[in-house]
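A.B. asks: Please read through the structure below; I'll follow up with questions.
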Amino acid sequence: TPDIVLEAWAQNGVSGGVAVQFYSAYKNDNSYLLDSADAHRDKIAATVILDAVDPSTPAKLRALTKQHGVTGLRLTGNQDSQGQYPWLDSDVAQATWAAADQLGLAVVVMYPPGIPSVAAFSHLTVLARRYPRAKLILDHFGWPAFEGPPDYGLSAAYDALKGPSNIYFKFTTTNLDALTKANVAPEAFLRRAVDAFGADHIMWGSSFGANAPPYAQLVKRIRSAAVTLTPAERRAVLNDTGHAMFARRA
């Protein structure tokens, strides 16, 4: 509930954050998310999930932005039988992107875990260039296959994402879990990621709610992962980038 989240934030020095629609629980029904964010407008920004291939979605997105101050849209789905992503960049989905671009929203892309490839990321770079006012954010850092130096999982496929200036990355507790499993030091990966993309293009996602540990433990883990960053870089990853992407405008 909002009370649980806000108390956890207060106890751990978090000034505010983004409530992200949880698809597994509520699908595209954003009612609880919006009620919670509306009740705490000074602390909580909302990222909704809508069906990008529903022709009514662009109008819904504009209405939610006007009525509730929504600042983010989360798109998620699977590949189709031809290996394409109709929920992401089909002709009908382009209208949703056009609305997000017009509104200057953050668009969080959460595709299923897989091995990043030039082919997969080409969809994203085309979208980023076509809709430059939208802020395209790869959830879970685009699911890198974590490994040791020198790339730590940021393979050559990621080079394509360095072109458009409006592509950003969310570094999450889910990533930290995967790094631990792969026996890769999180602080080494995050240092490499900041060197590659800049701290102003990376933000922390706690995955709170989807993860069982106490919130204080999630905070401790990301602070530990950020130990190799400069003070300015840490502030960007832990605060400034996310604030720039999602802060309410009014």
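A.B. asks: Just give me the residues in the stretch 91-143 being part of a helix (DSSP H, G or I) and of a type in the set (D, E, K, R), in sequence order.
C.D. replies: Taking the stretch 91-143 and keeping what is part of a helix (DSSP H, G or I), we get 91-103, 118-130, 139-142.
Across the stretch 91-143, the qualifying residues are D91, D101, R129, R130, D139.
A.B. asks: While we're looking at this one, here's another question. Which condition from (1) open to solvent by less than 50 Å² (accessible area, probe 1.4 Å); (2) outside any helix (DSSP H, G or I) is the one that P149 breaks?
C.D. replies: (1)
A.B. asks: Something else: Taking the condition in contact (Cβ under 8 Å) with a residue 60 or more places away in the chain and surrounded by 20 or more Cβ atoms within 10 Å (Cβ to Cβ), does Y168 pass?
C.D. replies: Numbers: in contact (Cβ under 8 Å) with a residue 60 or more places away in the chain: yes; surrounded by 20 or more Cβ atoms within 10 Å (Cβ to Cβ): yes.
Criteria met by Y168.
A.B. asks: Also: Counting just the residues of the stretch 27-79 that are under 18 Å from K135 (Cα atoms) and among the charged types (D, E, K, R), which one comes out least open to solvent (accessible area, probe 1.4 Å)?
C.D. replies: R74
A.B. asks: How many residues, within the stretch 154-183, are modelled with pLDDT under 95 and part of a loop (DSSP other than H, G, I, E, B)?
C.D. replies: The number of residues fulfilling the criteria is 2.
A.B. asks: What are the residues in the stretch 140-174 that are under 12 Å from the mean Cα position of the chain (by Cα) and under 12 Å from L190 (Cα atoms), if any?
C.D. replies: Scanning the stretch 140-174 gives F141, F169, K170, F171, T172.
A.B. asks: Now, a different point. Of all residues in the stretch 65-84, count the ones that are under 18 Å from the mean Cα position of the chain (by Cα) and within 23 Å of A120 (Cα to Cα).
C.D. replies: Selection size over the stretch 65-84: 7.
A.B. asks: Being in a helix (DSSP H, G or I), open to solvent by 10 Å² or more (accessible area, probe 1.4 Å), more than 20 Å from L6 (Cα to Cα) and not polar (S, T, N, Q) is true for just one of R249, R191, R221. Which residue is that?
C.D. replies: Numbers: R249 fails: in a helix (DSSP H, G or I); R221 fails: more than 20 Å from L6 (Cα to Cα).
Only one candidate passes the filter, namely R191.
A.B. asks: Filter the stretch 1-20 down to residues that are assigned to a loop (DSSP other than H, G, I, E, B) and not hydrophobic (A, V, I, L, M, F, W, C) and give me whichever is nearest to N211 (Cα to Cα). Working first, answer last.
C.D. replies: Going through the stretch 1-20, the residues assigned to a loop (DSSP other than H, G, I, E, B) turn out to be 1, 12-16.
So of that shortlist, the ones also not hydrophobic (A, V, I, L, M, F, W, C) come out as 1, 12-13, 15-16.
Details: T1: 15, N12: 17, G13: 19, S15: 21, G16: 19 Å.
Checked the stretch 1-20; the qualifying residue nearest to N211 (Cα to Cα) is T1.
The values are calculated or read from the model by the stated rules, or taken from the named source; none is laboratory data. Please read all numbers here as calculations on a predicted model, not as lab measurements. So basically every Cβ, Gly included, is an ideal-geometry build from the backbone, and we count neighbours across all protein chains shown. Surface areas here come from the heavy atoms of the whole protein model, side chains and all, with no ligands, DNA or RNA. Shrake-Rupley method; radii C 1.70, N 1.55, O 1.52, S 1.80 Å.
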